Amino acid sequence: MPRTLTVPARIETRWAAGRRLFLTSAALLAVVGAIGRGAGWVTLTATLGPTAYVLLVHPESEAARLRNSSLGHLMAIACGLACLAVFGLWQHPSVVEQKYDTWAQIGAQALAVGLTLLLLELIEAQHPPAAATALLISSGIARPGPPLYGMLTGLVLLIAGAALLAWAGGRAGTSAAREEAPHGKAGEADE
């Protein structure tokens, strides 16, 4: 029979989880930012926030799978770049530089996100933060060149770092379960 936690126990559990998320996300993003600074690129872009959230807060979710996060962002990058080319925006100033969207930019952004969602559904690789990647590229904010290279580097580092943390956490959890189980066998403690 499952045991219900008391209110103070639930608060302590949430506080412990929150501290872990705070420390892992801040440390991971600080490393990504430091590497970007060393390379002379901005690696901390808007797509890293929701990606970090999905990977660190919901590591067991379908969206956090390595396959889904990698393919999701790859599809978004392809769609964003294709829409820049199709709409003739490859060298066009970004929406931030102009302080407004042109009709071509609105079309490129809408199509890039729509195509990304379509492709992710077709290949069964749901990863919601990929829509932000498509939007950043098609708006010109992460245009081809250093802005795009920085964003790509940031994504690779974040996804790899989160995968490494998940692997290390899984190994630590497995070790702890083995230590708690009688005779060194995990899973027997509850039987």
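The values are calculated or read from the model by the stated rules, or taken from the named source; none is laboratory data. Model, not experiment: these values are computed from the prediction. In this analysis, Cβ positions are derived from the backbone assuming ideal geometry, glycine residues included, and neighbour counts consider all displayed protein chains. Note: accessible area is taken over every heavy atom of the protein model, side chains too, but ligands, DNA and RNA are not part of it. Shrake-Rupley method; radii C 1.70, N 1.55, O 1.52, S 1.80 Å.
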Those residues of the range 67-80 which are open to solvent by less than 30 Å² (accessible area, probe 1.4 Å) and over 10 Å from S139 (Cα atoms) amount to N68, S69, G72, H73, A76, I77, C79
Would you please list the contacts, defined by Cβ atoms under 7 Å and residues six or more apart or on different chains, that run from a residue in the range 21-42 that is within 15 Å of P146 (Cβ to Cβ) to a residue that is in a helix (DSSP H, G or I) and among the aromatic types (F, W, Y)? W41/Y149
Has the range 81-96 got any residue that is touching an Asp or Glu at 6+ places or on another chain (Cβ under 7 Å) and surrounded by fewer than 20 Cβ atoms within 10 Å (Cβ to Cβ)? yes
It is to be established whether one or more residues within the range 137-151 are in a helix (DSSP H, G or I), at pLDDT 90 or above and in contact with a Pro (Cβ under 9 Å, 6 or more places away or on another chain). yes
Note on the range 8-26: residues open to solvent by less than 80 Å² (accessible area, probe 1.4 Å), of a type in the set (A, V, I, L, M) and over 15 Å from the mean Cα position of the chain (by Cα) are A9, A16, A17
Selected residue [open to solvent by less than 50 Å² (accessible area, probe 1.4 Å), at pLDDT below 95 and of a type in the set (A, V, I, L, M, F, W, C)] from A52, A64: A64
Please work out which one of (1) surrounded by 11 or more Cβ atoms within 10 Å (Cβ to Cβ); (2) not in a helix (DSSP H, G or I) is the condition G33 fails and give its number. (2)
Looking at A189, is it part of a loop (DSSP other than H, G, I, E, B), at pLDDT below 85 and open to solvent by 40 Å² or more (accessible area, probe 1.4 Å)? yes
